[in-house]
Amino acid sequence: MTIESADGLTEVEEDALAEIANLGVSRAANSLRQMLGEQVFLAVPKVQIVDRQTASALVGRGSHSSKLVAVQQSFDGPFAGKALLIFPEAQSLELVRTIVGEQHSLEDVIDLEQEALAETGNIILNACLATIANLLRRPMHMSLPAVIRGSGETLFGGPGAKDNLVLFLYIDFRTKARDIQGFIALLMDLPSITALKTIVTDYIRNVELGTDQAAR
Amino acid sequence: MFNWEAVFDVIDAGVIGIDDRYNVVCWNEWIAKGTELSAAAVLGRNLFDVFDGLGKTRLKTAVADAFQYGSSSVLTHSLNKLFPFRNETGQEVIHNVIVRPLPADPIKHCILQITDVSVSVARERVLRDRQNARYHAIVDSAPDAIITTSPDRTIQWFNAAAERTFAMSVDALREQRIDTLLTGPENLTEILAAHDMKGAASGTAVQVHGTKRDGVSAYFEVSFAGWNADGRRFITTIWRDVTERVAAENALYAAREALRKSNEELEQRVIERTNEREVVLRQLHESQKMETIGQLTGGVAHDFNNLLAVILGSLSLLRKGLPPDPRTSRLLDGAIQGAERGATLTKRLLAFARRQELKLEAVEVQKLIPEMHDFLRQTIGPAISVVLDIPSDIPPVKIDANQLELALMNLAVNSRDAMPNGGTLTISCRTETTEMKAPPGLPQSDYIRINVADTGEGMNDATLAKAMEPFFTTKGIGKGTGLGLSMVHGLTAQCGGTMTISSSVGRGTTVSLWLPAANAGDLMAALTPQAPQASLQNGRRLRILLVDDDYLVRANTALMMSDLGHTVIEASSGKSALEILQLDNRIQLVVTDYLMPGMNGLDLAKAIRGVTPKLPIILSTGYADIRSPLDMVFPRLPKPYTQDELAKILDAAVK
């Protein structure tokens with residue numbers, strides 16, 4: 001899909017951004033693997049910058065119901081905004097089941113859902129934000145995760161910041177038993193977008209120089 | 001100065017502070033209690049050295065990220081086992097850990113906040129158990145068997161009713177294919193798959209046949225709905241025992257079938273009755289038609305007969321009065337013959353109309369018919385053999401013997417004409433009672449049936465239907481009058497019997513005459529000869545009172561009487577006749593027409609008899625409607641008559 005935003009990214013920038021996002025989620029996959037003792041694959045097949053209405057429509061599309069579950073964390077510093085990991089409600093339970101393992105009964109999974117989801121979201125979002133912080137070479141202030149339920153409008157509506165843009169990532173979460181699709185959304189103000197563009201530009205330049213900035 | 005350290009020690013949560021080398025810098029009272037490690041024992045030590053295995057948990061990554069990127073992390077009991085906390089009773093403390101960096105650039109310190117969630121976890125567990133208990137109470141108290149199947153349609157779960165219904169142990173039922181519950185031809189696996197694929201609405205039901213506990217077979221209505229879990233498709237089936245309902249439906253169906261059948265039978269019977277009714281109506285119509293034709297024919301014949309009487313009378317007078325001339329005599333004879341043939345015709349018509357004059361008496365057919373044998377032979381010719389089959393004990397029948405002979409001759413001639421190439425004519429007699437298959441309309445009595453059967457060409461149905469109608473003939477023009485069968489029919493009817501015809505094309509025709517058996521009174525009448533009436537001298541001149549309403553007839557008869565030398569006083573009605581008789585006591589003979597308006601001839605005769613019993617009276621009539629016993633008392637003058645006939649009867653009356 002081409003970028004429709006006024007702050008549109010070139011194809012090269014888009015590819016770079018997807019690469020950065022994949023660095024982030026592969027960090028998260030490492031954490032999960034460490035925790036679960038099982039291979040977990042996380043991948044970001046596509047990246048877009050869209051406005052909030054479009055983001056709201058994108059998360060509502062294709063799911064069985066408009067009910068969504070999101071883990072939200074806010075971040076502050078040179079790069080500020082909110083990060084959300086979003087799943088259709090039905091998929092979120094599947095996600096938790098995948099994480100807490102088959103040994104738990106369905107009832108247990110329901111009991112654990114809220115906490116397990118918060119923690120899983122926390123791991124994935126932290127990994128993404130850490131990757132950005134790493135590229136900025138500056139730590140950020142990150143809040144604790146909160147679980148939110150509702151429609152796309154609930155998640156992206158919020159008061160103020162109407163012209164905030166959303167960095168919208170599609171995320172594939174896969175174990176050997178399951179394959180779950182969700183979204184990561186970063187709601188940012190204009191300075192953050194500018195900062196993000198700088199990161200992307202630097203990243204591209206470094207890649208062109210042959211320096212692998214992503215390696216830790 | 002506020003004592004911050006005291007705050008750390010009193011809050012109801014564990015607080016551990018570490019520096020960027022993970023060395024413990026802060027260790028509050030809560031954590032000291034839970035780990036039984038005092039602050040003094042751990043301060044300055046690397047946190048991950050204090051607890052074995054803690055370095056292998058995600059806590060280390062979370063702490064590293066906190067220092068490097070400023071990440072805040074949540075580590076919950078659901079996914080992690082971190083610190084080996086025990087409470088005062090020695091039980092494991094379920095806890096969550098939050099890792100937060102203290103804001104600084106670069107980050108120098110990090111706080112681990114540990115919260116005890118044992119209580120809330122226990123509460124959730126209790127709540128869940130209660131919820132489960134309620135859920136199980138509902139599901140297990142359901143009267144219908146509830147069974148869920150895995151995607152491969154093996155039984156995955158079932159309720160208490162399922163166990164009760166199918167009497168299978170938990171182990172026997174689980175992991176069985178759901179089709180093992182069926183005994184009918186249904187394939188529930190396929191049905192479920194097909195419905196589920198179509199996305200059929202929940203509550204769709206199918207009827208299957210299965211076996212309950214103790215081998216009792218039963219019908220079940222299975223409703224089902226699919227659901228997804230763990231990315232797999234499950235189907236919940238609810239089995240309702242509908243055996244009684246199916247039995248009731250079957251009974252209802254059988255009852256409906258029976259009703260439908262009885263309706264059909266009823267309809268059939270209605271059709272039969274309707275057909276019978278139509279047959280009867282047709283017969284009634286036929287008999288009414290014959291009746292009407294008879295009345296019409298009788299009326300016409302009567303008037304025509306009167307005219308013939310006038311013509312014959314006038315002609316006979318004319319012949320007397322004219323000088324003998326061969327030419328004139330020939331003309332006159334021709335005229336008289338024509339008129340006489342006309343008289344014969346009217347007689348036949350009257351026979352058909354059942355108005356001929358009959359002399360009913362007891363006739364022994366076993367004598368009468370053999371006597372006709374030679375004459376029959378002559379009439380029908382040598383090509384046809386005649387067979388008579390008449391038992392000698394046949395009782396006598398009540399009929400006019402001459403008319404019976406005539407009727408049999410008529411039938412024999414018909415048979416002859418039906419057998420141009422020869423054949424057999426059989427005349428047989430049988431005694432019948434109406435209990436046997438008598439034709440409809442006959443009153444209950446004993447009957448003699450005379451059959452006249454031929455082996456001729458027979459009649460088709462259309463011909464048969466019209467055979468008894470007057471003037472209906474199949475013979476060529478000039479060969480038959482069409483009055484034969486109708487005359488015979490009229491005769492039998494007038495005698496109190498009937499005539500039937502059965503015939504089939506190519507096989508012959510049988511005409512049956514049903515004649516009433518004669519009773520004792522008839523036998524007496526046959527034996528008693530008629531008493532002579534008067535004793536007047538032959539050739540006397542008489543004073544005659546002639547009564548007739550028809551002027552032409554009266555005038556003609558008066559002319560004939562005067563010509564015979566009698567004195568004739570004419571009266572046009574019974575009333576004036578009686579007046580004349582009162583005034584004129586010299587009248588020696590009364591000749592009266594029978595059918596007159598007002599007082600008829602018989603009434604007049606009776607009235608005269610009442611006054612002057614010895615006065616002879618002659619009834620002149622073409623009718624035979626006089627049926628009373630008295631009708632034998634008065635001599636008859638049948639119309640039309642010639643002068644000779646008139647003279648004879650006048651003489652006879654006064655002898």
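The values are calculated or read from the model by the stated rules, or taken from the named source; none is laboratory data. Being a predicted model, the structure only gives us computed values, none of them experimental. For neighbour counting, all protein chains shown are included, and Cβ atoms are generated from backbone atoms with ideal geometry for every residue, glycine included.
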| query | Residues of the range B:289-303 being surrounded by 11 or more Cβ atoms within 10 Å (Cβ to Cβ) and either within 43 Å of the chain's Cα centre (by Cα) or modelled with pLDDT of 85 or more (or both), which ones? | reply | B:Lys289, B:Met290, B:Glu291, B:Ile293, B:Gly294, B:Gln295, B:Leu296, B:Thr297
| request: Output the number of residues of the range A:131-142 satisfying the condition of being surrounded by fewer than 24 Cβ atoms within 10 Å (Cβ to Cβ) and either more than 7 Å from every other protein chain (Cβ to nearest Cβ) or under 15 Å from the mean Cα position of the chain (by Cα) (or both). | output: 6
| request: Taking B:Ile235 as the residue in question, decide whether it is β-branched (Val, Ile, Thr) and in a helix (DSSP H, G or I). | output: no
| Residue ranges of strands (runs of 3 or more DSSP E) in the range B:1-84 with at least 1 members surrounded by 16 or more Cβ atoms within 10 Å (Cβ to Cβ) and among the small types (Gly, Ala, Ser) | B:14-19, B:73-75
| query | Pick from the range B:304-348 the residues that are within 60 Å of the chain's Cα centre (by Cα) and among the β-branched types (Val, Ile, Thr): which of them is nearest to B:Asp644 (Cα to Cα)? | reply | B:Thr344
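Here's the yes/no breakdown for (1) modelled with pLDDT of 85 or more; (2) touching a strand residue (DSSP E or B) at 6+ places or on another chain (Cβ under 9 Å); (3) not aromatic (Phe, Trp, Tyr):
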position	(1), (2), (3)
A:Ala18	yes, yes, yes
A:Val25	yes, yes, yes
A:Arg33	no, no, yes
A:Lys67	no, yes, yes
| query | Given the residues B:Asp65, B:Asp52, which is the only one that is under 27 Å from A:Met142 (Cα atoms) and either within 13 Å of chain A (Cβ to nearest Cβ) or modelled with pLDDT under 90 (or both)? | reply | B:Asp65
| task | Kindly provide the set of residues from the range B:98-152 that are of a type in the set (Lys, Arg), free of Cβ contacts under 8 Å to residues at least 40 places away in the same chain and closer than 30 Å to A:Pro78 by Cα, ordered by number. | result | B:Arg100
| query | Taking A:Gly157, is it surrounded by fewer than 21 Cβ atoms within 10 Å (Cβ to Cβ), more than 15 Å from A:Ala80 (Cα to Cα), more than 14 Å from chain B (Cβ to nearest Cβ) and touching a residue at least 40 places away in the same chain (Cβ under 8 Å)? | reply | yes
| Of residues in the range A:143-154 being facing chain B (nearest Cβ under 8 Å) and within 19 Å of A:Glu113 (Cα to Cα), the one surrounded by the most Cβ atoms within 10 Å (Cβ to Cβ) | A:Pro145
| query | Which one of these is at pLDDT below 85 and surrounded by 18 or more Cβ atoms within 10 Å (Cβ to Cβ): B:Thr346, B:Thr379? | reply | B:Thr346
| remark: Checked the range B:126-179 for anything β-branched (Val, Ile, Thr), touching a Leu at 6+ places or on another chain (Cβ under 8 Å) and in a helix (DSSP H, G or I); matches are B:Ile178
| said: Can you confirm whether B:Glu291 is part of a helix (DSSP H, G or I), out of contact with any Asp or Glu (no Cβ under 6 Å at 6 or more places or on another chain) and among the acidic types (Asp, Glu)? | reply: yes
| Do you know which of the residues in the range A:52-77 that are touching a Lys or Arg at 6+ places or on another chain (Cβ under 9 Å) and away from every other protein chain (no Cβ under 14 Å) is farthest from A:Thr175 (Cα to Cα)? | A:Arg52
| query | Is there a residue being in contact (Cβ under 8 Å) with a residue 12 or more places away in the chain, under 21 Å from A:Ala127 (Cβ atoms) and in the same structural domain as B:Thr89 (by TED's automatic domain parsing) anywhere in the range B:12-34? | reply | yes
| Looking at B:Glu286, is it assigned to a helix (DSSP H, G or I) and more than 21 Å from B:Met499 (Cα to Cα)? | no
| said: It is to be established whether one or more residues within the range A:104-123 are part of a helix (DSSP H, G or I) and more than 10 Å from chain B (Cβ to nearest Cβ). | reply: no
| said: Looking only at the range B:573-591, how many residues end up being within 19 Å of B:Asn556 (Cα to Cα) and of a type in the set (A, V, I, L, M)? | reply: 4
| request: Kindly indicate the residue of the range A:168-178 that is surrounded by 14 or more Cβ atoms within 10 Å (Cβ to Cβ) and at pLDDT below 85 and also nearest to the chain's Cα centre (by Cα) among those meeting that condition. | output: A:Phe173
| said: For the range B:434-491, give me each residue that is modelled with pLDDT under 75, on the phi > 0 side of the Ramachandran plot and either in contact with a Gly (Cβ under 7 Å, 6 or more places away or on another chain) or surrounded by 13 or more Cβ atoms within 10 Å (Cβ to Cβ) (or both). | reply: B:Phe471, B:Gly482
| query | When you look at A:Thr98, is it more than 9 Å from chain B (Cβ to nearest Cβ) and either surrounded by 19 or more Cβ atoms within 10 Å (Cβ to Cβ) or modelled with pLDDT of 80 or more (or both), yes or no? | reply | yes
| said: Quick check on the range B:418-427. Is at least one of its residues crowded, with 21+ Cβ neighbours inside 10 Å and either in contact with a Lys or Arg (Cβ under 8 Å, 6 or more places away or on another chain) or closer than 21 Å to B:Ala493 by Cβ (or both)? | reply: yes
| Under the condition of being polar (S, T, N, Q) and at the interface with chain A (Cβ under 9 Å from one of its Cβ atoms), which residue from the range B:95-137 is nearest to A:Ala146 (Cα to Cα)? | B:Asn96
| message | Within the range B:367-435, considering only strands (runs of 3 or more DSSP E) that don't extend past its boundaries, which have at least 3 residues that are of a type in the set (A, V, I, L, M)? | response | B:384-389
| note | Only unsatisfied item for A:Gly60, checking (1) surrounded by fewer than 21 Cβ atoms within 10 Å (Cβ to Cβ); (2) touching a strand residue (DSSP E or B) at 6+ places or on another chain (Cβ under 9 Å); (3) at pLDDT 80 or above, is (3)
| Identify, please: which residue in the range B:213-258 is of a type in the set (Lys, Arg) and either surrounded by fewer than 11 Cβ atoms within 10 Å (Cβ to Cβ) or under 30 Å from A:Gln91 (Cβ atoms) (or both) and is, among those, nearest to the other protein chains (Cβ to nearest Cβ)? | B:Arg232
| said: Condition check: β-branched (Val, Ile, Thr) and assigned by TED's automatic domain parsing to the domain that holds B:Tyr594. Does B:Val310 satisfy that? | reply: yes
| query | Taking B:Arg269, is it among the charged types (D, E, K, R), within 40 Å of the chain's Cα centre (by Cα) and in the same structural domain as B:Asp644 (by TED's automatic domain parsing)? | reply | yes
